[in-house]
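Structure, as structure tokens:
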Amino acid sequence: MQRKPTSFDIAQLAGVSQPTVSRALRGELGVNPATRLRIESIAKQLNYRVDKAASNLRTRHSQTLALLFFEDPTADDSLINPFFHSMLGSIIRACAEHDHDLLISFQQLSSDWHNDYEDSRKADGIILLGYGDYELYRSRLQALEDAGTHFVRWGSVQSEASGLTVGCDNHGGGKEATRHLLELGRRNIAFLGSASSHYPEFHDRYRGHVAALKKGGVIPRPGLQFDAITTEESGAAAANALLASGEKFDAILAASDLIAIGAMRTLQAAGKSIPDDVAVVGFDDIPAASSAAPPLTTVMQDPRLAGRKLVETLIGRIREQPVGSALLPTKLIVRRSCGSAG
């Protein structure tokens, strides 16, 4: 072929319409996988390259997504929850697979994110990671919804949330962790983590914990729940409060790994043996969980699946495809902190 190949040439050779070729080469999700492979193979043989500038001009898309982190208190200077660190690589890979660039920033005090990104053509949509107190955050999400902004957030799928949400099965994860502790003979299980609508993911985990206790024939004791946010310092403070309460306990389910790690250090400093005296289970499976002393049993949220689902859901919304919120599975990772060899 002497002249520059076009999408119409590919369509003729592939036996499909030109719009199908365009959708396939843009990575849209509604194209049959076999058809997509045939189109991509022909495009490669013809040395065809998508004119991204022209395509973006036609679709009014920047082919860019914005990833906004909530600033969390951390032991280092990153101010990023370690679980979200693990998710970042997956989000970047998923964007590349869908031929999108990625802008990364912290969520600012301004609630006009649609003006900062989508309305200014910097990005076609926004991924939100983290939120702090959800009751305070809700109005900012509603502002995005009211403005028609394309966005997806990581959080509690069960909460009355604005917009699309991708999250793990927090209730099921809390239930599985508590059931495992009960099977190990632990009957006095404390829960460290906030259990209110202000922190809906933790609340879902607590509700799963309570459900497992009831099913196991154990009456839940409100005196064994202590508020904590996702930091080691907060976990240590909650463990100190538990020790000072005089409540009988032989196990702890922490709402996050950081809370669990802080609690374990406090318990050990108080002369408690883990897991002989107290079994401990966390939630997230951040890298520090496997290197804790002893290694921490935890409920794993899959960061690779989470990152990919966030990107695919947002791109689907941008392309006006039928997408909805997604509840992802969890998995219990058994290590020595609970007293079980797995």
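The values are calculated or read from the model by the stated rules, or taken from the named source; none is laboratory data. All values reported here derive from a predicted model rather than from experimental measurement. All Cβ positions, glycine included, derive from the backbone under ideal geometry; neighbour counts span all protein chains shown. SASA here: full protein model, heavy atoms, side chains in, ligands and nucleic acids out. Shrake-Rupley method; radii C 1.70, N 1.55, O 1.52, S 1.80 Å.
Only lysines eight or more places from Lys175 in sequence, or on another chain, were considered; those with a Cα closer than 20 Å are Lys214, Lys215, Lys331.
For every other residue with a beta carbon closer than 10 angstrom to the beta carbon of Ala254, add +1 if it is Lys or Arg and -1 if Asp or Glu, then tell me the sum. Don't skip to the answer; put the middle values down first.
Details: positive: Arg205; negative: Asp257, Asp284.
Cβ neighbours under 10 Å give a net charge of -1.
The C-alpha atoms of the chain define a longest principal axis, and helix 170-183 lies at about 40 degrees to it.
One entry in (1) 31, 26, 21; (2) 34, 20, 20; (3) 46, 21, 17 is semi-axes √(5λ) of the Cα gyration tensor in Å calculated from the shown coordinates; its label is (3). Against the longest principal axis of the chain, how steep is helix 232-245, in degrees 0 to 90 to the nearest 10, with axes from Cα atoms? Long axis of 232-245 versus the principal axis of the chain: about 30 degrees.
Highest mean packing comes first when the peptides 123-130, 271-278, 80-87 are listed by Cβ atoms within 10 Å, giving 123-130, 80-87, 271-278.
Toward the positive end of the charge dipole of the chain, with +1 on the Cβ of Lys and Arg and -1 on the Cβ of Asp and Glu, the farthest Cα among Tyr137, Cys95, Ile274 is that of Cys95.
Tell me, what % of the accessible area of the chain is carbon and sulfur with a 1.4 angstrom probe?
On the way: 7890 of 15660 Å².
The nonpolar share, carbon plus sulfur, comes to 50 percent.
Net charge within 15 Å of Ala190 by Cβ-Cβ distance, Lys/Arg positive one each and Asp/Glu negative one each, not counting Ala190 itself? Net charge in that neighbourhood comes out at +2. Of the residues Ala254, Ala326, Ala96, which exhibits the maximal mean-square fluctuation in a Gaussian network model of the chain defined by a 10 Å Cα contact cut-off? The residue with the greatest mean-square fluctuation here is Ala96. Per-residue ellipticity at 222 nm, computed for the chain from helices alone with -39500 (n - 2.57) per DSSP H run of at least four residues, works out to -13000 deg cm²/dmol. Its relative contact order, with pairs defined as Cα atoms under 8 Å and 6+ residues apart, puts the range 254-342 at 32 percent.
In degrees from 0 to 90, rounded to the nearest 10, what is the angle of the helix 33-45 Cα long axis to the longest principal axis of the chain? Approximately 50 degrees, to the nearest 10.
Per residue, the accessible area of the chain comes to 46 Å² when a 1.4 Å probe rolls over the protein heavy atoms.
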